[in-house]
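One structure is given below, encoded as C-alpha cells.
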C-alpha cells in the first residue's frame, strides 16, 4: 500500500514543480519534502524524478504515480461530498477565473461568506487553459471563462459580456492618441496583455499595428493588483477587462480611452455536468448571477 502522506507530498511537488514552493504549500521544510520523496521512491523501488539543477522532470514511474495521486484526491473529494449534507450553506466551493475578474468577484464572495458561517469559498486566478483543465479534473467546481468551452463533460451559461479597455494615465484623459503616442508612453505588459493588445489594438489601429511583439514594453508585472499602478503613476498604458479597471483602488488616477471599435469578451460560468445539482454549488451560481445582473 502506498503511504498516503508521501504520495500527497509527491503529488503536490509535481503540481507546483518547485521544492521550496511545494514545502510552503504543505507547511513543511524543503528537506522534509525531499525525505518524503526518497521514502516513496524506496517504497516503489524506482526513481520518481530526474533533477536538472533547481528544476526536475518526473520519470515514467513518477508520471504514473502522479496520476495515481491526482485520482486519489478526486476520489477523496467525491467521498467527502457524498458524506456532506446537501445544504446550500455548508461545504466547500472552489472557483476559478481570470485575475481581473477575481478582483471584482472576491468582495462579493466575502459577502456570501458572511451569510453562511459553514460555507467555505476558495477563489483561484489562472489562465484560461488551466481553468478548463481544472474544472474537467474536478479541482475547481466553477470556472468563469472568456468564451464558451467545447467539451462534452462541461456545461456552461453566458453570464455577461465584458468590455476590453485601453487604459492610460488619468492626466491624459482628454488627449487624442494614435499608436505612436501609445508606444511613446510604453506598454505595461502582463500575462494576458499581449493577447488583449492583438484583439483591441488590431481593430483600432489596423493600418499601423504590427502585432503585440512590436509594442515598446515599459514594464511588466504578473500580479493583477499591481498592473494598473504604473499606469496611475503616468508610466505607461495597458489593456484589461473592465472588471479589473473598475475595481482598482486608484480609479481616479487612470482613464479608459474611448475607442472607435469596442471589443467584448463573453464570460461563461462553467462546471462539470451535474455539479450544479449540489445545493452549495447551485447557491453560489445563483449568487454570482445576481451580482453580475447588478452591473447592468
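Quick test of your reading of the structure: residue 127 fulfils all but one of (1) closer than 28 Å to residue 250 by Cβ; (2) over 17 Å from the mean Cα position of the chain (by Cα). Name the failing condition by number.
(2)
Condition (residue is surrounded by 14 or more Cβ atoms within 10 Å (Cβ to Cβ), free of Cβ contacts under 8 Å to residues at least 40 places away in the same chain and under 28 Å from the mean Cα position of the chain (by Cα)) applied to the stretch 44-52: is it met by at least one residue?
Within the stretch 44-52, one or more residues are surrounded by 14 or more Cβ atoms within 10 Å (Cβ to Cβ), free of Cβ contacts under 8 Å to residues at least 40 places away in the same chain and under 28 Å from the mean Cα position of the chain (by Cα).
Picking from 256, 239, 285, which residue would you name as being assigned by TED's automatic domain parsing to the domain that holds residue 186, closer than 30 Å to residue 89 by Cβ and in contact with a helix residue (DSSP H, G or I) (Cβ under 7 Å, 6 or more places away or on another chain)?
Details: 256 fails: closer than 30 Å to residue 89 by Cβ; 239 fails: closer than 30 Å to residue 89 by Cβ.
Of 256, 239, 285, the one residue that is assigned by TED's automatic domain parsing to the domain that holds residue 186, closer than 30 Å to residue 89 by Cβ and in contact with a helix residue (DSSP H, G or I) (Cβ under 7 Å, 6 or more places away or on another chain) is 285.
For the stretch 231-242, what are the residues that are buried (at least 23 other Cβ atoms within 10 Å of the Cβ) and either within 22 Å of the chain's Cα centre (by Cα) or under 17 Å from residue 125 (Cβ atoms) (or both)?
Those that are buried (at least 23 other Cβ atoms within 10 Å of the Cβ) and either within 22 Å of the chain's Cα centre (by Cα) or under 17 Å from residue 125 (Cβ atoms) (or both): 238, 239, 240, 241.
What strands (runs of 3 or more DSSP E) lie completely within the stretch 112-222 and have 2 or more residues being free of Cβ contacts under 8 Å to residues at least 60 places away in the same chain?
Numbers: elements: 119-125, 142-146, 154-169, 187-189, 217-220.
Answer list for the stretch 112-222: 119-125, 187-189, 217-220.
Which of the residues spanning the stretch 261-277 are touching a helix residue (DSSP H, G or I) at 6+ places or on another chain (Cβ under 7 Å) and modelled with pLDDT under 90?
Across the stretch 261-277, the qualifying residues are 275, 276.
Return the total of residues in the stretch 117-126 being surrounded by 15 or more Cβ atoms within 10 Å (Cβ to Cβ) and either on the phi > 0 side of the Ramachandran plot or out of contact with any helix residue (DSSP H, G or I) (no Cβ under 8 Å at 6 or more places or on another chain) (or both). Don't jump to the end; show me each part of the working.
Taking the stretch 117-126 first, the residues surrounded by 15 or more Cβ atoms within 10 Å (Cβ to Cβ) are 119, 121, 123-126.
Pick out the ones that are also either on the phi > 0 side of the Ramachandran plot or out of contact with any helix residue (DSSP H, G or I) (no Cβ under 8 Å at 6 or more places or on another chain) (or both) and you get none.
Residues flagged as surrounded by 15 or more Cβ atoms within 10 Å (Cβ to Cβ) and either on the phi > 0 side of the Ramachandran plot or out of contact with any helix residue (DSSP H, G or I) (no Cβ under 8 Å at 6 or more places or on another chain) (or both) within the stretch 117-126 amount to 0.
With respect to residue 212, is the statement that it is in contact with a helix residue (DSSP H, G or I) (Cβ under 7 Å, 6 or more places away or on another chain) and surrounded by fewer than 20 Cβ atoms within 10 Å (Cβ to Cβ) true? I'd like the intermediate steps shown before the answer.
Numbers: in contact with a helix residue (DSSP H, G or I) (Cβ under 7 Å, 6 or more places away or on another chain): yes; surrounded by fewer than 20 Cβ atoms within 10 Å (Cβ to Cβ): yes.
Yes, satisfied.
Please go through the stretch 18-43 and pick out each residue that is more than 23 Å from residue 76 (Cα to Cα) and under 23 Å from the mean Cα position of the chain (by Cα).
Result: 18, 19, 20, 21.
The values are calculated or read from the model by the stated rules, or taken from the named source; none is laboratory data. Just so you know, these numbers come straight off a predicted model, no measurement behind them. Cβ atoms come from the backbone with ideal geometry, glycine included; neighbour counts cover every protein chain shown.
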